[in-house]
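What follows is a single structure, written as structure tokens, with notes after it.
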Amino acid sequence: MRIVIAKDYKDMSARAARIVAGQIYLKPNSILGLATGSTPLLMYKELIRVHKEVGLDLSEIVTFNLDEYLGLPKEDQQSYHYYMFHHFFNHINIKKKNIFIPDGMVQDVGQECKNYDENIKEMGGIDLQVLGIGNNGHIGFNEPDIKFEATTHKVKLDDETIHANARFFATIEEVPRFAISMGIKTIMHAKKVLLLVSGENKAEVLYHALYGGITPEIPASILQLHQDVTVIVEESAAHLLQQKS
Ligand code: F6R
């Protein structure tokens, strides 16, 4: 595991964008796993800049998002579909057919999850998976006490996640209670993982995830067993790591 301490959010985002862009330069038809949330926002902005100003071609990439809320249509401004198009896909030359995000309105959730994993497999597996980490240690929506062996599946959101994500909704009641998420097994099959960590409030959970025991109580702790993980952590989230080293 490589741990890179970035000066601030801007530096973290620029470093992350360089790794993603490097992956695409080396393999233009890369299969990317993508995250939503606050953390990768500036990384997407930087990738759009590199696409527009430096000419990074994104026409061959294939993307699989980590998760989607159940019950929100694609057009809903709180859906992860909306987020991805609004913050990234609408500004680059990705082909629509190469974008995969779980469908939050699907009737047969089990079949949707199965198809999602099969599609990833058929494409040859994820080359680079971008992750954020929740305040409770979740990755994707794999909440504490998850089964490490789970593939893409329906999840019940943790109270802590509902509270954390309420900031994007008018009221906490509007936050969906269920989602579809890639499972830990799906994530662990990615060839490379890029974990981005921003904000002082993530310092403690990051410390436990990287240096504590590997336990379903902190789902991100499983990353200690992945063979190729880069963690880019903003300085404000890294003070406990620095004390350790
Ligand atoms: C998002 C996702 C989540 C977030 C995590 C951190 O697709 O799967 O695991 O990465 O909740 O969210 P932020 O970045 O908003 O702190």
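The values are calculated or read from the model by the stated rules, or taken from the named source; none is laboratory data. Nothing here was measured: the structure is a model prediction, and the numbers come from that model. No Cβ is skipped: glycine too gets one built from the backbone with ideal geometry, and neighbour counts run over all protein chains shown. Just so you know, the surface numbers come from the protein's heavy atoms only, side chains and all, with ligands and any DNA or RNA stripped out. Shrake-Rupley method; radii C 1.70, N 1.55, O 1.52, S 1.80 Å.
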#### Entry: Of the criteria (1) small (Gly, Ala, Ser); (2) assigned to a loop (DSSP other than H, G, I, E, B); (3) open to solvent by less than 40 Å² (accessible area, probe 1.4 Å), which one Ala164 fails
(2)
### Query
Is there a residue in segment 214-229 that is among the small types (Gly, Ala, Ser) and open to solvent by 10 Å² or more (accessible area, probe 1.4 Å)?
no
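To keep it simple, each residue is scored yes or no on (1) within 26 Å of Met123 (Cα to Cα); (2) part of a loop (DSSP other than H, G, I, E, B); (3) open to solvent by less than 50 Å² (accessible area, probe 1.4 Å).
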position	(1), (2), (3)
Ile24	yes, no, yes
Pro28	yes, yes, no
Thr39	no, yes, yes
Met43	yes, no, yes
Asp57	yes, yes, no
Leu72	no, yes, yes
His86	yes, no, no
Asn90	yes, no, no
### Query
Name the pairs: first residue in segment 124-136 and closer than 15 Å to Leu41 by Cα and open to solvent by 10 Å² or more (accessible area, probe 1.4 Å), second residue at pLDDT 95 or above and near the ligand (Cβ under 6 Å from one of its atoms), Cβ to Cβ under 6 Å, at least 6 apart or on different chains?
Gly132/Ala35; Gly132/Gly37; Gly132/Thr39
### Summary
With the first residue restricted to segment 163-179 and required to be without any contact (Cβ under 8 Å) to a residue 12 or more places away in the chain and within 18 Å of Ser38 (Cα to Cα), and the second required to be hydrophobic (A, V, I, L, M, F, W, C) and not in a helix (DSSP H, G or I), Cβ contacts under 6 Å at 6 or more apart or on different chains are Asn165/Val175; Ala166/Val175
### Task
Give me a count of the residues in segment 159-200 that are under 30 Å from Gly124 (Cβ atoms) and polar (S, T, N, Q).
2
